[in-house]
Amino acid sequence: MKLPVQGNAFSNAAENNAPFSRRFYIYQKERFPLLGHGLLVAAFSFSAISYSRICRGAEGFVDAGTFAVGVFTTISLFLLVRIFDEFKDAEDDARFRKELPVPRGLVSYRELAITGIVLVIAQIAVNLIFFPEMITIYGVVVGYLSLMGKEFFVAEWLKKHQFWYITSHMFIIPLIDIYASGLDWLLAGVNAPAGLFFFFAVSYMNGIVLEVGRKIRAPEQESEGVLTYTSMLGVPRAITLWLIVLAVTLALSIAASAFAGYGNAVLAVLGSVFLVCALPAILFLKNRTVKLSKMVEYASALWTISMYLTLGAGPMISKLLFH
């Protein structure tokens, strides 16, 4: 694939000529806010480790050094996903999303490629130094990410079959989850707890909740070349799809909570969050406004955060503080 020439009507000469550190700061702010995403991924990693430890009855949490190196790896892996997507979507971005940082010339593909290489070298180095046992799982994650970057060598077919596109790409989330949870069970030299299957399934479905939720738009938000589920399926079917995905994730969350031995209080929390998150989607069916479409996107994020807090982080924090 030939990468498009950078620079267009949206270009800002002062920004484009700034030092790389300044330009990358603007880039990450727009495409992968390191602070916000970092906190979310740290919570994601904390929850995966916590759930694993709770399921196998281990006392306390992993040591701070292990957690810090693991969080660096998981955050930088998600940043790699973002960088790979820039290359994968290069042609469409140049045609339809010219306001984005790369098409407008803020950062170059060469700079992103170098950044990606540096990240991979750093990831391999810290894992080899601190816990070489994790390298195999790490290699599987990066291998799958590389296949995603090449669209599994069937790019045109995937473009025409959105269902398979989404379902194949979302496997990167539970794969990173397997790495994060492995900071507990793998480093402890024991088998992964059976309940982790449901936790990984929740992670996978959370990715689909987020993906569908962020692409539900009001009619005036639709634009040429930008794929949304409302334009592809129509509003009623898109909302129905999102609600079904939400309900499936709820069922998997209930199964995960049962394996961890959680009580009725957790089930009540899961049910309450489901109702709160489903409400904006139901309202959007009757009143298709930009505000409500944004509320569906926010509900997707709230759901994801709530699942990780409820299944892993919350119970672990409770144990650390009160036991």
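The values are calculated or read from the model by the stated rules, or taken from the named source; none is laboratory data. The shown structure was predicted, so the numbers you read here are calculated from the model rather than taken from an experiment. Cβ atoms come from the backbone with ideal geometry, glycine included; neighbour counts cover every protein chain shown.
Starting from residues that are within 28 Å of Met232 (Cα to Cα) and hydrophobic (A, V, I, L, M, F, W, C), keep the ones in segment 135-155 and report whichever is surrounded by the most Cβ atoms within 10 Å (Cβ to Cβ).
Leu145
Ala113: modelled with pLDDT under 95 and either under 19 Å from Val41 (Cβ atoms) or assigned by TED's automatic domain parsing to the domain that holds Ala14 (or both), yes or no? It would help to see each step written out before you state the result.
Details: modelled with pLDDT under 95: no; either under 19 Å from Val41 (Cβ atoms) or assigned by TED's automatic domain parsing to the domain that holds Ala14 (or both): yes.
Here the answer is no, as Ala113 does not meet what is asked.
Of everything in segment 44-67, what is over 23 Å from the mean Cα position of the chain (by Cα) and either in a helix (DSSP H, G or I) or within 19 Å of Leu175 (Cβ to Cβ) (or both)? Give them in sequence order.
Correct list: Ile54, Cys55, Ala64, Gly65.
Residues are listed down the side, and each one gets a yes or a no for (1) of a type outside the set (A, V, I, L, M); (2) surrounded by fewer than 17 Cβ atoms within 10 Å (Cβ to Cβ); (3) part of a helix (DSSP H, G or I):
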site	(1), (2), (3)
Ala278	no, no, yes
Ile282	no, yes, yes
Ser293	yes, no, yes
Tyr298	yes, yes, yes
Met307	no, no, yes
Thr310	yes, no, yes
Ser318	yes, yes, yes
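Among the residues in segment 156-165, are any assigned to a helix (DSSP H, G or I), exposed (fewer than 13 other Cβ atoms within 10 Å of the Cβ), out of contact with any strand residue (DSSP E or B) (no Cβ under 9 Å at 6 or more places or on another chain) and polar (S, T, N, Q)? Outline the logic, then answer.
Start the filter on segment 156-165 by keeping residues that are assigned to a helix (DSSP H, G or I), which leaves 156-160, 162-165.
Filter once more, keeping what is exposed (fewer than 13 other Cβ atoms within 10 Å of the Cβ): 156-157, 159-160, 163.
Right, trim to out of contact with any strand residue (DSSP E or B) (no Cβ under 9 Å at 6 or more places or on another chain) and you get 156-157, 159-160, 163.
Then drop every residue that is not polar (S, T, N, Q), which leaves none.
Taking every residue of segment 156-165 in turn, none turns out to be assigned to a helix (DSSP H, G or I), exposed (fewer than 13 other Cβ atoms within 10 Å of the Cβ), out of contact with any strand residue (DSSP E or B) (no Cβ under 9 Å at 6 or more places or on another chain) and polar (S, T, N, Q).
If you go through segment 89-109 one residue at a time, do you hit one that is under 19 Å from the mean Cα position of the chain (by Cα), in contact (Cβ under 8 Å) with a residue 60 or more places away in the chain and in the same structural domain as Leu187 (by TED's automatic domain parsing)? Before the answer, list the steps.
Going through segment 89-109, the residues under 19 Å from the mean Cα position of the chain (by Cα) turn out to be 89.
Now restrict to residues that are in contact (Cβ under 8 Å) with a residue 60 or more places away in the chain: none.
Among the residues of segment 89-109, not one is under 19 Å from the mean Cα position of the chain (by Cα), in contact (Cβ under 8 Å) with a residue 60 or more places away in the chain and in the same structural domain as Leu187 (by TED's automatic domain parsing), which makes the answer no.
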